Amino acid sequence: MTDWLSFCRDAVADLEEVLRGLPTRAEREPVLRLGEGGDDTTAIDAAAEDAVVRRLEALGVDLTLVSEELGVRAFGNGGGPTVVVDPIDGSVNAKRGIPFFSLSVAVADGPTMDDVFFGYVYDFGAREEWVAERGRGAFLDGAALHGPGPKDTIEILSLEGTTTEAITAAVPTLRDVARRLRVMGSLALSLCHLAAGRVDAVCCLKPARSIDIAAAQLLVRERGYAIELFEDPPFGRAPLDLGQRSRVVAAGTDALCTQVAAALR
């Protein structure tokens with residue numbers, strides 16, 4: 001049986017080597033091609049994904065990869081677990097040297113969000129390791145997440161998918177919903193921060209894909225908090241693929257999710 005936590009830690013070590021080998025924007029930013037996810041594949045994206053793929057190949061097991069750049073790929077005979085990978089979530093930050101980006105890995109025993117049984121997010125800036133196991137809880141650096149969660153009202157709302165145009169359209173509708181906004185640049189990490197009660201809600205202003213949220217959503221749900229693809233519910237049935245599904249909102253309660261979604265509609 002694959003030890004997915006050890007796999008992810010080995011992948012982190014590989015990606016640290018990649019980052020050292022591409023130390024500045026000049027090396028990280030060049031566009032190489034168009035990725036299967038629809039975004040430009042830059043040098044840092046390609047090098048990071050290559051490192052994770054080599055780790056997967058070394059496992060020597062049957063699995064199906066869903067990844068930002070490669071799309072869907074069978075390893076071995078295919079089938080097996082579905083492994084959803086975003087080697088660099090927050091790639092704009094990574095390219096520009098802003099220390100807020102992550103490795104995101106989810107492992108599922110079926111084709112939907114409900115089937116994810118292991119989630120891993122590593123923050124290369126803060127050096128924090130976020131882990132969730134279905135039915136066993138959510139953890140930060142090996143310690144179970146507990147203590148104060150998101151507030152009953154939204155003091156801090158983290159926005160992702162944030163072009164200037166998207167923020168300009170959204171902010172007026174959110175004035176009566178949240179007291180403060182944060183724009184950090186990694187959806188996976190923002191969802192982890194919700195799981196830890198550092199922020200009170202998270203919303204992505206563009207349609208989210210499984211690679212963006214599959215790992216971190218398990219931390220949110222293992223804490224008992226709410227998350228929804230409010231334009232294409234229910235969340236649990238969302239497929240683990242590269243199709244853009246819906247904007248996503250997460251908060252401490254279903255009612256707060258509904259409040260944010262209503263404002264954005």
*Would you please state the base-10 log of I(q)/I(0) at q = 0.15, 0.17 1/Å for the chain, with intensities from the Debye formula using one equal scatterer on every alpha carbon?*
-1.06, -1.37
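Give me Ser246, Ser67 sorted ascending by neighbouring Cβ count inside 10 Å, so fewest comes first. Intermediate results must be reported in sequence, preceding the final value.
Working: Ser246 18, Ser67 22.
Ascending number of Cβ neighbours within 10 Å: Ser246, Ser67.
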*Please list the non-local residues whose amide H lies under 5 Å from the amide H of Gly161, H modeled 1.01 Å from N, same-chain partners needing a gap of 5 or more.*
Leu205
*asked:* If packing is taken as the average number of other Cβ atoms within 10 Å across a peptide's residues, how do 160-168, 8-16, 192-200 rank, most packed first?
replied: 192-200, 8-16, 160-168
*Sum up the charges of everything whose Cβ sits under 13 Å from the Cβ of Arg20, counting Lys and Arg as +1 and Asp and Glu as -1, but leave Arg20 out.*
-3
*Pairing the Cα long axis of helix 4-21 with the longest principal axis of the chain, what angle in degrees results, from 0 to 90 and rounded to the nearest 10?*
80
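Only the coordinates and a few stated rules stand behind these numbers; no lab work does. Only a predicted model underlies this, so the values are computations on that prediction, with no experimental measurement involved. Note that we place each Cβ from the backbone using ideal geometry, even for glycine, and neighbour counts take in every protein chain shown.
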